[in-house]
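The values are calculated or read from the model by the stated rules, or taken from the named source; none is laboratory data. Here the structure is a predicted model, which is why all the values come from computation and not from measurement. As a convention, Cβ positions derive from the backbone with ideal geometry for all residues, glycine included, and neighbour counts pool all protein chains shown. Side chains included, ligands, DNA and RNA excluded: accessible areas come from the protein's heavy atoms. Shrake-Rupley method; radii C 1.70, N 1.55, O 1.52, S 1.80 Å.
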Number of protein chains: 2
Amino acid sequence: MRVVLATRNAGKVVELQRILTGIELLGLDQVAAYEPGPETEPTFRGNALLKAREACAATGLPSAADDSGLEVDALNGMPGVLSARWAGRHGDDLANLDLLLGQVADVPDDRRGARFVCAAAAVLPDGRELAVEGQMRGTLLRERRGSNGFGYDPIFLPAGSELSSAELTSDEKDAISHRGKAFRALAPLLVEALAG
Amino acid sequence: MRVVLATRNAGKVVELQRILTGIELLGLDQVAAYEPGPETEPTFRGNALLKAREACAATGLPSAADDSGLEVDALNGMPGVLSARWAGRHGDDLANLDLLLGQVADVPDDRRGARFVCAAAAVLPDGRELAVEGQMRGTLLRERRGSNGFGYDPIFLPAGSELSSAELTSDEKDAISHRGKAFRALAPLLVEALAG
């Protein structure tokens, strides 16, 4: 069963292929030459569905997508859907992370709670839609630690872990991460939908 | 009646003196040499009270303070209490404003609501405390307009106004602003408390 994953990030295809066993994932670069629109929805779920719909419409194939980000308690849940463009432009991980550290510099240790959230969605050519969410709770560090992962991983300490998200191996992170949880929840639903 | 205003911003003393008639306002520079601590409270009210308590403790005089900021709907009410340090350091108005414009660049016109909020507080040497709030609703512009005011004024269009906050004169702004409303509400309470 072939499913388009609405991303041009080859690393994400590899990561999710590990989780979505029984499905052959295709990155956008392999199937379609279209320019995804801006992620204008106010929720992760909305953006994940928007990207999956777009990919399904462009390719005619079942398509999956995710949207994820970091919700910081002291920022009323922001950066949230703006996580990847928090510093005002897209995809500058270091600028986003440094900005966030500066914004919460005066926030005391007992109010530094945060959670990573991932919405995973799938859209089938017949119009059926699936969407699920996963989360990973933790706290914000005051300095970067570790060099694995990406985004805000170096300043996030998962609850119950002594290592930051960027100090975990890929497998360790998959096991507890928001994205791992969301796609493990999506997998059986998608397999069933594709079979039915 | 003399009241310390817990600010080193001479412009703010002048602005509030216009509103707080019947009270002689003293800026911190006129009365005390202490370094105010960081504004660590999660609410405007909490920070205003914190600053007023600090000034009252340091000077032994009745003290007033305000804390204010911009709550953006699409950012779940942020920058909020972090308005003056949104770009990660204190008081760089242009950096804060440009960052905010970038963050909401993809937010469509019908979701660009925002409000300025001001908490005004007073603390008397006998321990009595007063706190009130004022707000001004409006929408976020996409480019700066006007050169009056400060902070986010150039990108804020007050509800019912065709001019940005930075295109209004001081008097026009006082009449509708969050700070004007809060201190006009505080004034009679403070006069009464000082008399009683």
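Here are the numbers for this structure:
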| item | result |
| --- | --- |
| Considering residues of the range B:88-99 that are among the hydrophobic types (A, V, I, L, M, F, W, C) and within 18 Å of the chain's Cα centre (by Cα) only, the residue farthest from B:GLY46 (Cα to Cα) | B:LEU94 |
| Qualifying residue in the range B:1-16 (condition: open to solvent by 70 Å² or more (accessible area, probe 1.4 Å) and in contact with a helix residue (DSSP H, G or I) (Cβ under 7 Å, 6 or more places away or on another chain)) | yes |
| Any hit, the range B:81-100, residues being among the basic types (Lys, Arg) and in contact (Cβ under 8 Å) with a residue 12 or more places away in the chain | no |
| Which numbered condition A:GLY149 misses (of (1) within 14 Å of chain B (Cβ to nearest Cβ); (2) assigned to a loop (DSSP other than H, G, I, E, B); (3) within 14 Å of the chain's Cα centre (by Cα)) | (1) |
| Residues (β-branched (Val, Ile, Thr) and either touching a residue at least 60 places away in the same chain (Cβ under 8 Å) or farther than 30 Å from B:PRO38 by Cβ (or both)) located in the range A:107-150 | A:VAL117, A:VAL123, A:VAL132 |
| Lone unmet requirement of (1) free of Cβ contacts under 8 Å to residues at least 24 places away in the same chain; (2) crowded, with 16+ Cβ neighbours inside 10 Å; (3) assigned to a helix (DSSP H, G or I) for A:ALA182 | (1) |
| Of all residues in the range A:35-76 being exposed (fewer than 15 other Cβ atoms within 10 Å of the Cβ) and over 25 Å from A:ASP93 (Cβ atoms), the one that is nearest to the other protein chains (Cβ to nearest Cβ) | A:ALA57 |
| Within the range B:151-177, tally of residues that are open to solvent by 10 Å² or more (accessible area, probe 1.4 Å) and either touching a Lys or Arg at 6+ places or on another chain (Cβ under 7 Å) or touching a residue at least 40 places away in the same chain (Cβ under 8 Å) (or both) | 8 |
| Residue, nearest to B:LYS12 (Cα to Cα), within the range B:86-99, restricted to residues that are open to solvent by 10 Å² or more (accessible area, probe 1.4 Å) and either aromatic (Phe, Trp, Tyr) or in contact with a helix residue (DSSP H, G or I) (Cβ under 7 Å, 6 or more places away or on another chain) (or both) | B:GLY91 |
| Lone qualifier among A:GLY138, A:GLY102 - being over 30 Å from A:ALA55 (Cβ atoms), part of a helix (DSSP H, G or I) and open to solvent by less than 30 Å² (accessible area, probe 1.4 Å) | A:GLY102 |
| Number of positions in the range A:2-24 that are over 15 Å from A:ALA52 (Cα atoms), in a loop (DSSP other than H, G, I, E, B) and at pLDDT 85 or above | 2 |
| Residues satisfying the stated conditions in the range A:117-130, i.e. buried (at least 17 other Cβ atoms within 10 Å of the Cβ) and either aromatic (Phe, Trp, Tyr) or closer than 12 Å to A:ARG53 by Cα (or both) | A:ALA121, A:ALA122, A:VAL123, A:LEU124, A:LEU130 |
| Selection count where residues are at pLDDT below 95 and among the polar types (S, T, N, Q), scope the range A:148-168 | 1 |
